[in-house]
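See below for the structure under consideration.
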Amino acid sequence: MIRCSSDNVDTFAEVLCGNSRTHYRYNGKCRPMEKLTRSNSWTGLFIDPTAAGSATLTAYRTVHGIVQSYGKVDGKRVAFVVARTTYMHETESAIGFSQLNDPGVVTSSRTFQKAAMGINFTFNWAYTDAKQTAYFLSGDYPRRAPGTSPDFPILGTGKYDWQGFDPKTWTADVIGFDEHPQAVDPAVLVSWNNKPAP
């Protein structure tokens, strides 16, 4: 039986260095977080009473992603960071979407599933033609470090990174085609935003 949940997002707890809120420990070294700043401005419209204004937004990023909040784990100060397999890879699904929309590519349930595999976002896909129906769960699902759970924060020191994680390219090992929930001509095809059932 294939076991896969549609979860490609994890929370990492980055251990902070000393009293800093912007330096964290990764692979044995204290590293600075990357500071991201964006300035926005706006003007009101004739029918909109909002006054003109501006704001500068600041966020911090670690090797795992954007800092969401701060807290403590076992008495140690940490920054909680959300990591997503599609982060910095959002446009890569364009090829899969293009293939799904090309009748010269999708000619059967199997070619439909192969095209859906090219989409790194998490979607339930259904297919039907005059002969078959099919299902496929798309998405880049990480191979998690042994002993970690997608339901709880993961220590972000490097020891428990996703398998094959490369912080320079924001990539990691993901499950292969055969490990994705899929079916051809199932007796029943039901889909909702939930965990796939056998």
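What the table below lists for this structure:
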| read-out | value |
| --- | --- |
| HN-Hα J in Hz across the stretch 126-139 - Karplus 6.51, -1.76, 1.60, θ = phi - 60°, x for Gly and Pro | 10, 9, 8, 9, 5, 10, 9, 10, 7, 9, 8, 9, 7, x |
| Mean separation of Cα contacts under 8 Å, 6 or more apart, over the residue count of the stretch 42-197: relative contact order % | 17 percent |
| Antiparallel content of DSSP bridges confined to the chain, in %, to 5 | 95 percent |
| Candidates THR50, THR148, THR169, ranked by Gaussian network fluctuation over the chain, Cα under 10 Å, top entry | THR50 |
| Expected 222 nm ellipticity per residue - DSSP helices of 4 or more, -39500 (n - 2.57), all of the chain, to 500 | -2000 deg cm²/dmol |
| Estimated distance in nm for a label pair at LYS168 and LEU45, the labels positioned 7 Å out from Cα along Cα-to-Cβ | 4.7 nm |
| For VAL105, net neighbour charge (Lys/Arg +1, Asp/Glu -1) across residues whose Cβ lies under 14 Å away | 0 |
| Whole-number Å³ per residue for the convex hull built on Cα positions in the stretch 1-64 | 169 Å³ |
| Neighbour net charge for ASP173 - beta-carbon separation under 12 angstrom, K R +1, D E -1 | -2 |
| The stretch 28-126 shape via C-alpha gyration tensor axes, a/c threshold 1.5 | oblate |
| FRET efficiency, SER108 to ASP7 (Cβ-Cβ, R0 22 Å, nearest 0.05) | 0.15 |
| Förster radius 25 Å - calculated FRET efficiency between THR133 and TYR87, Cβ distance, rounded to 0.05 | 0.15 |
| Cα gyration tensor, the stretch 115-174 - rounded (a/c under 1.5), prolate or oblate | prolate |
| For the chain, alpha-carbon Rg over 2.2 N^0.38 Å | 1.29 |
| Mean accessible surface per residue for the chain, computed with a 1.4 Å probe while every protein chain stays in place, in Å² | 61 Å² |
| Environment charge at MET33 (Cβ cut-off 10 Å; Lys +1, Arg +1, Asp -1, Glu -1) | +2 |
| Mean Cα-pair separation over length for the stretch 49-112, i.e. relative contact order, pairs under 8 Å, 6 or more apart, % | 18 percent |
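The values are calculated or read from the model by the stated rules, or taken from the named source; none is laboratory data. Computed from a predicted model, the values in this text were never measured in an experiment. Ideal geometry is used to build each Cβ from the backbone, glycine not excepted, and the neighbour counts take in all protein chains shown. Heads up: the accessible areas ignore ligands, DNA and RNA and are worked out on the full protein's heavy atoms, side chains in. Shrake-Rupley method; radii C 1.70, N 1.55, O 1.52, S 1.80 Å.
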